[in-house]
Amino acid sequence: MQPGTLYIVATPLGNLGDLSQRAAELLRQVPVVAAEDTRRTRGLLSHLGASPTVLSFHAHSGGHRADSLLEILASGRNVALVSDAGTPAVSDPGPELVAQARAAGFSVVPIPGASAVAVALSASGFSGDRYLFLGFIPRKGRERTRLLTRAVAEEWTTILFEAPPRLSALLEDLMALAGPNRLAVVARELTKLHEEIRSGTLEELADYYSATPARGEVTVVLQGTGAPEPEPDRTDDAVEQATSLLAEGLTRREVVRRLTESLGMPRNDAYRLVMELP
């Protein structure tokens with residue numbers, strides 16, 4: 001018996017016209033759909049004229065539901081994994097199921113489509129060559145501080161998800177760390193009727209959303225610093241340390257090794273410096 005395939009199916013963020021033809025055909029054919037929100041998914045399936053078995057699969061489903069889906073795959077039936085909107089397993093349930101399916105030898109096939117990360121980044125006007133995606137960050141605590149500190153120090157564009165009631169607090173915290181003039185974009189209700197993509201400084205955005213509470217799905221795009229922090233010049237320290245070590249009788253090869261370990265110098269730079277010393 002041929003085992004089933006796990007399909008990772010991206011669904012529209014809002015506009016049903018964004019569903020790919022390939023995804024639509026697959027959802028009409030697949031016998032089982034594992035959905036984060038069964039009501040929302042049934043609405044999409046009804047629109048497509050599809051009638052598969054729909055099983056709930058969300059962050060609190062527990063291991064028993066994943067086991068059930070693996071049993072379905074083992075029985076030879078295909079399963080489509082979908083989230084509320086966008087691409088499954090990206091800040092949504094699914095990574096563990098995908099890993100377990102692969103480990104069990106089942107085929108895993110992605111069906112690409114909408115992603116709030118890519119959509120917001122494309123409309124932000126910020127560099128998208130490289131970016132850092134942090135998803136939803138903790139509401140409070142040390143881990144929140146660590147991630148926000150990382151975000152504001154990042155040379156690349158950073159993308160975060162946030163729940164509407166907490167958007168103002170996020171913008172305020174970012175402003176406290178990055179300063180009021182760092183540019184950002186708040187993308188809200190992407191592809192939906194009330195889509196809003198608002199750009200400005202963190203101060204402008206914080207003021208606006210403090211007075212006008214956000215609704216719907218929210219993605220925040222923070223402009224990067226644009227350049228990495230310059231490495232400090234350790235030449236004087238290296239010369240002083242190398243001179244002292246040579247005076248102690250260490251070989252030049254050993255001195256080079258010590259410099260790379262203690263100062264983090266590239267080996268070629270350390271070698272050149274040591275060879276130039278009298």
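Each residue of segment 44-49 was assigned a 3J(HN,Hα) from its phi angle through the Karplus curve 6.51 cos²θ - 1.76 cosθ + 1.60 (θ = phi - 60°); the sequence is 5, 5, 4, 4, 8, x Hz, with glycine and proline shown as x. For L132, the residues whose amide H sits under 5 Å from its own are T157, T158, I159, ignoring neighbours fewer than 5 places away on the same chain, with H placed 1.01 Å from N. May I ask you to derive the relative contact order of segment 162-259, considering only C-alpha pairs under 8 Å and at least 6 residues apart, and to give it as an integer percent? RCO, segment 162-259: 29 percent. For the pair segment 74-116 / segment 123-177, the C-alpha centres are spaced 26 Å from each other.
3J(HN,Hα) along segment 125-142, derived from phi through the Karplus expression 6.51 cos²θ - 1.76 cosθ + 1.60 where θ = phi - 60°, amounts to x, 9, 4, x, 4, 9, 8, 10, 10, 10, x, 7, 9, x, 5, 7, x, 4 Hz, with x in place of Gly and Pro. Here the mean projected area of the convex hull built on the C-alpha positions of segment 139-278 is 11.7 nm².
Extending 7 Å from the Cα toward the beta-carbon at both T243 and V108 defines two label points whose distance is 5.8 nm.
Using the Cβ of P164 as centre and a radius below 14 Å, the other residues enclosed give a net charge of +2, where K and R count +1 and D and E count -1.
Short-range pairs are left out: with C-alpha atoms under 8 Å and at least six residues apart, the relative contact order of the chain is 17 percent. For the Cα trace of the chain, dividing Rg by the Kirkwood Rh returns an Rg/Rh value of 1.16. Phi-derived couplings, Karplus 6.51 cos²θ - 1.76 cosθ + 1.60 at θ = phi - 60°, listed residue by residue for segment 251-261: 6, 5, 4, 5, 5, 4, 4, 5, 5, 5, 7 Hz, with x used for Gly and Pro.
Taking the convex hull of the alpha carbon positions in segment 175-234 and averaging its projected area over all directions gives 5.3 nm².
Structure remark: mean-square fluctuation, Gaussian network model of the chain, C-alpha springs under 10 Å; the largest value among G224, G62, G179 belongs to G62.
No value in this document is a laboratory result; all are computed from the given coordinates. The structure displayed is predicted, hence computed values, not measured ones. Cβ atoms come from the backbone with ideal geometry, glycine included; neighbour counts cover every protein chain shown.
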